Every structure is written in structure tokens, then in C-alpha cells.
Amino acid sequence: MYLFPIPCPGEPARAYWGRMRASRSTCLTRLALGVLAVGGGARLEAAAGPSVLQQLETFQTDVRNYNVISFGNSNFTNYGDTQGPLAILGNLYLDGGSVADQPGNFGVSSDPTLYVTGQLTLTGTTTLNSGYASTPGLTPSAWTWNATQRELSGGGGDLNSTNADSAASMNNPITNAAPANWNWNTLSTQFTSISQTLANATTTGTITVNSNNLIFTAPADPATGVAVFTLDASKISGNTYNGQTFSNIQINVPTGVTDVINVINAAGTTIFGSGANFNTGTNDSSLLWNVEGSGTVTLGAGQFIGAILAPTATIDNGTNTAVSGQIVADGFNDTGAETHFTSFVVASVVVPEPAAFTWCAVGLCGLGILVRRRRVAS
């Protein structure tokens, strides 16, 4: 409320009206700033949101076009193919099969389709489908490069390039450069920081079992654009969760919302039994599994859907047909399954609520009136 100042005995009229203008100015200032504070208060929940969103956007950028990024050793046995590039810091074993980079489907990238810093062991012929390889850790004298056939022989087998449209595919992979601006130590630190930030985010989604469906229900959260779940892997035994049986896994990812599932107590466990099936949704590319802790974690279900972030854990994929999502892990082993590339995309956009817009507009209007009056007075 605006209160008129009381005239002082003997006070000149000019002095009194000056005090009145000053009092009115102070009142308008407090009103405007107070309204802005209220408008911002309606968005207090968003204070932690931008940090989570920023980390998710960093993950989306750092993972680039790679299907699998592994900071340790990786093995692909009887795996058929990968539908996206591989970046391996440690040693890599490939049991034939194919490592694919298909720019027409996955976006044109100048990064190598196969990037291995450690040693490469091959069984039979592995096909490099499009793109090129970079294997700087190999000893040149132990390998033979056939430029005509685009084939690198050694390590127990051959790496043969086909459908290559890159000039680098004509070069010996041992001499090809690493991905541009790629630093393993920096990436390890960033991915670990992202994982920790997500792990500390407040849980907002619910997990229930109903009619043999394991249901992840995400609220439409306009404050952050991110729905966060906490899945205790110790409560999963085959196709039961917390003692309740399920055969389908239903994750409701609303449009415009990114779902983060923090998996705790996962070391030495299998996430879902082989008989469980994912029911695909319309926004699966905005689903991220954040596996906390270390140890080895096995992926189950008929097909595992969603990006996986496990910077301090080893992921074993051997009880399902495929993983559909980008994978970052301390180590990755794939036996009898495939990896299907699905680019992770942050779906959320932070926008103020209509109420906040209204209050902010009122506050700014008050400040505008105040500035105009001061200018007139001067």
C-alpha cells in the first residue's frame, strides 16, 4: 500500500512535495522488484534444472556420432554388426562382423568410424562399412596395409573397408589421425561429472508394476524439462521387480521431456530378464540410463532401449538381441547381440510458465514508469 507522507510543521510546500515524490518512487521500486521476485519465485524449482539440462546437452555433444565409447577394453563376439561407429581407449576384440558408419542415416561425420587407441585383435574378416579407421596404437611392422583392397591384415584377421567415401579410407589406419579435438582424459572427467550430476538430481518419476507391465511414469515437468527416476537394481530378479512379476517394460517419455533413469546398486546384477520386452515409445531418443557405481552390469530384456551412461562401470550385453541407443562405459562387452544406433537428443526446452511471464511483465512495467517519472522530474 502507498502511504502519503505527513507534512512537518513549518515545512515549505516544495520540500513536502519533494518528499512525496521520493516516497512514491521508493514505493514503485519496491513494488516492481517485489513483483519480479514473486515471478521468479514461481520458477524456484528451475534453479537446479539448468545444471541438469546443461550436463545432458554436454553429453549429447561429447558422445558425437559414436555408437559406443569405451574407456577400457571392449569385446564384440558373434555380434553381427554395430550400426554406428566405435571409439575404444583400451584394447578391442572383433569377431568378424561389421562396424558400420552410414552417413545417410546417422549424419555426416568427419570422425573415424573405428577409433582404437589400444591393441586390435581380429578373428576372420571384419568389414568397415563406410568411413575409415584410426588405430594409432598398432605396431606398423606387425600389420600389412593393402591400399588397393583397403584392407589391414594382422592381429589374427583382416579389417576391410567397403562403401568408403572418405579420402582417409585410402590411408593405412595406423597413420590416420584421431577424431578432431578428442581428449580421452577430458572426456572421462566430463562424463563422470555428468553422471554425478544426474545421480544427485531429485527423483520426480514413479516406477510401478501393473498388469505385468513395469511402468515408468514421467510427469510433464515444465520447470526443468527433465523427469528423473531411481531404479534400484537390487530389487530386480529376472522378470520381477520388488517381488512383482512383469513381462513388458513401459517407459512413457512425454514429448518435450527428457527421461533420466538413475540405476543404483547395479554392480553384479542383470537389468531385466531375457523374457521382458520394451514397449517402444515416440520419444525413445530422449531416454538416458545413468548407471551409478563400478563393477559389471549386464543388460537384459529382449531389446534394451535408450542411451547408457556408465563411465565407471563395465556394461555386458549378452542376453538380448540389441541395444538401441548410444553407449558410454568404462568397458563394453557384446556377445551374440547387436548395437543399434539411436542418437541421444535432449528434448526439453526451458520456458517460463505463463504466470511468471505475467508477473515479470507487471514488474518491468513498474520499473518503466519509475524510470520515466525520474527522467521527467530531472
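The values are calculated or read from the model by the stated rules, or taken from the named source; none is laboratory data. Computed from a prediction, not measured in an experiment: that's the story for all the values here. Note: ideal-geometry Cβ built from the backbone for every residue, glycine included; neighbour counts use all protein chains shown.
Things to note:
- Where a residue in segment 289-306 is touching a residue at least 24 places away in the same chain (Cβ under 8 Å) and in a strand (DSSP E or B) and its partner, wherever it lies, is surrounded by fewer than 22 Cβ atoms within 10 Å (Cβ to Cβ) and among the aromatic types (Phe, Trp, Tyr), with Cβ under 6 Å and at least six apart: GLN303/PHE278; ILE305/PHE278
- For segment 273-296, residues that are more than 13 Å from ALA233 (Cβ to Cβ) and not small (Gly, Ala, Ser) total 9.
- In segment 107-143, the residues that are part of a loop (DSSP other than H, G, I, E, B), modelled with pLDDT under 95 and either crowded, with 24+ Cβ neighbours inside 10 Å or in contact with a Ser or Thr (Cβ under 6 Å, 6 or more places away or on another chain) (or both): PRO112, THR113, GLY131, TYR132
- Residue pairs meeting the criteria (Cβ under 7 Å; at least 6 apart or on separate chains; first under 19 Å from SER211 (Cβ atoms), in segment 233-244; second at pLDDT 95 or above and assigned to a helix (DSSP H, G or I)): TYR241/LYS235; ASN242/LYS235
- Looking only at segment 77-89, and only at residues there that are modelled with pLDDT under 95 and part of a strand (DSSP E or B), the one that is surrounded by the most Cβ atoms within 10 Å (Cβ to Cβ): THR82
- The set of residues from segment 176-198 being surrounded by fewer than 13 Cβ atoms within 10 Å (Cβ to Cβ) and among the hydroxyl-bearing types (Ser, Thr, Tyr) comprises THR186, THR189.
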